[in-house]
Amino acid sequence: MKKITLFVILIFLVKGLVAQHKANISVDNKYFEFAGNQRVDVRYATPKQVAMIAHKKHLKSISSDRFNFSIGEQLYGGLQGLAIRFQSNTRSKVYEGNKWYWGNWGNFGSFIIDGNANVEFADVRITRETAKNYRYHVITNDSKEIKGWTIPSEFKKTSDDKVEFAYLGNYECQRNGYLKIEIYNVNDYRERDAIIVDWRPVLPAKLRLGVEYLTKKNSGDPFYASLDKVGNKKYYNFVETRSLDDQRFSLGDSLVRLNVSFGGFNYSYRAQLVRSINGRTETLDLGNYDRRFYIYKEFWKEPGEYEIILTPKLPAPGGSPVSFIKEKASSYKFTVLPEKNKTKLFSEKQLIIYGLIFCAIAGVIFGGAVTYIKKKEAKKLALQYRDKEIAKLRLESVRSQLNPHFLFNALAGIQTLMNKNETDNANRYLVKFARLTRNVLDHKELISLTSEKTLLDDYLQMEQLRFGFQYQITASPDLDAENIEIPAMLLQPFVENAVKHGIAEKGADGRIEIDFTAQSADLVLSIKDNGSGFNVSQDYEGLGLALTKNRISLLNSIYKATPFVLDMKADKDGTIIKITLNQWL
C-alpha cells in the first residue's frame, strides 16, 4: 500500500514539473521574435533587429488583409513593392503566371484569373513622406491607359487598424483581356515594379514542328525543314509527310534535332514525349516551356510512333499547388521512319584520301612534338647539370673556408695546452689532431655515418682535454651506419660552436649529446648541450655558423628531392640543433 501511495505522489510531482516547464517555455517564448532568419530575444535585440522585427510585423499585417507580395524580398531590401488583392466570393481561380521583363529589368509578376474577379493594388514600400517620389499608371491590353501617371495619394489602414499603406486602386475585370500596372521612383529608375493580370482564357498550344539538319556544304547553324508542308522536297528528301494528319520523316545522319515552336503565353506548358517503338510505349518528361524548345536526336533515334503533348502548367500564387489543365492539353503526332537511302557525308574514296592526309599531318605534328620535347628535355638536363656543377663548386669553396677555420681553432687549442705546460695533454691533442686533419683535408663529398661519428669523437676528445666536459654520441640500431652517407663535416661546426660558446665555462658539468635517428624515411641529426644558449635569430661575426648555413643552402640546390632542414632552438637551459635530411633513407 505504501509503495502504491509513493508511486501516485511521484506521478503528481512529475506532472507538476512538466506543467511548470511548459509555463516557463510559454513565458520565455513571448520574448522571442524572428529578425530575418535569426530568432532573438527582443529584450536584448539590437536597434537593427528591433527595426527588422517591426518591419516584418508591418508587412505581415498587410499580408493578412489578403494582399499578395513577397515579405522576404521586402525584408532584405528588394526594390519591388507592389501587392495585389483579388476579389473574393466570385469562385474565380487565380494562378501565378511567368515572370516578365520591363525594358532590361526583369522578374516582374503576373497572374491569370479564370473568372471575373476584380483586383486591388497597393505598394508596401511607399509612405506618406515618400509618396511624392513615385509615379504609377494602369493600362489595358497594352493599348489603353485607364489611369495616367499619378502620384500615390490614397492611404488605407489594415483591418486590424495597425498599419497604413499606399492604396493604388480597385480595377474591374477585363474580360478576355489583360491589365498592367507600372510604378517607378522618379529619383532612381532602378526602383520600379509592375504586375500583369490576365483574364484571357487558358488556351491549348498550337504546335509547329520541323526537323533541323546539316548538309555537306554547311557545318554551321542547321537548316529547317517543316513537317507541316506536303510534297516540299526541293532542298531535302527525308520529309515524308503526305497529309497534315500524317506527319512523318526518315532518319538520316544529317538530322540534328526537332524544332518545336508555339505562340508565347503568360504561362508555361509541361512538355512530354510519348514514343512507341517495337510495341513498347514510354512517356518522357522534357521540361516546362512557354515558347520554342528543341528535342535532340537521342530521343527519337529509333523508328516508331511519337507524340508530343503540351499541358498548361499553372501554379497557385506563391508557387504551389500546381495545376495541370489537362482539358487544354495539345498533341502533335508524327512517325519516324527507317533510313531509306543512307546518304553519306563523304564517299569511301574521300574518306581514304582524307584519312591519309590526316595521318600524314598527324605524323608530322607528332614527330615535331617529339623532337621539340627531346630538345627541351636535353636543354633542361644541361641546365640542371650546369646548376649542379656550379653548386658543387660553391660548396667546395665553402668547405675550403671551413677547413682553415677549423684548423686555426684546433691549433689555438694546442697553443693553450702548451702555455699551461700540459705537455702530455698537448701530445695527446696532437695525435687526435693529426688523424682529424687527414679526414678534414680529404675532399670526399659524402662520408658514412660511422666516419662522421669517428671524426666527431676525435674532435670532442681533443676538446675534452682542454675543458673536461662530458659527451655522448649515439645512433639508432635501425640505422645502417656503415652504408648511410651524409655530407662530410656536416655536424662539426655546430659541435664546435656548442663547445666554444656553450659548455667551455662549465668544465666537468658541461654535457653534449649527439644523436643519429631515423623517422620514417627521414634521417635526423641532433646536437644538444646544456650551455647558456644564444639568440638563434641573430647573425654573429664568427665564420663557422654562417658558412654552415650557406653550405646547407647549397646542398639543398643539389639534393632538391631530399631537402635539408636546419632547426635551432636555444634558451637559458641549453641549445638543440637539429638537421633533418628529408627522404634520405
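No value in this document is a laboratory result; all are computed from the given coordinates. As the structure is a prediction and not an experimental result, all values here were calculated from the model. Heads up, the Cβs are rebuilt from the backbone with ideal geometry, glycines too, and the neighbour counts pull from every protein chain shown.
Worth pointing out:
- 12 Å beta-carbon shell around N170, net charge (K/R +1, D/E -1): 0
- The residues packed around Y95, meaning those with a beta-carbon under 13 Å from its beta-carbon, carry a net charge of +1 if Lys and Arg are +1 and Asp and Glu are -1.
- Highest-first packing order for the peptide set 329-335, 41-47 is 329-335, 41-47, based on the mean count of other beta carbon atoms within 10 Å.
- Segments 490-499, 165-174, 566-575 sorted - mean Cβ within 10 Å per residue, highest first: 490-499, 165-174, 566-575
- Ordered by the number of other Cβ atoms lying within 10 Å of each residue's own Cβ, fewest first, Y178, Y559 fall into the sequence Y559, Y178.
- For D290, D161, order by how many other beta-carbon atoms lie within 10 Å, fewest first: D161, D290
- Each peptide in 549-556, 516-523 gets a packing score, the mean of other Cβ atoms within 10 Å over its residues, and the list from highest to lowest is 549-556, 516-523.
- Remark: K376, K56, K297 ranked as K376, K297, K56, counting other beta-carbon atoms within 10 Å and listing the fewest first.
- Estimated Rh, region 428-526: Kirkwood, alpha-carbon pairs, angstrom: 14.2
- Distance between region 227-284 and region 103-136 - C-alpha centres, whole angstrom: 42
- Summing charges over all other residues whose Cβ lies under 14 Å from the Cβ of N68, with Lys and Arg as +1 and Asp and Glu as -1, gives -3.
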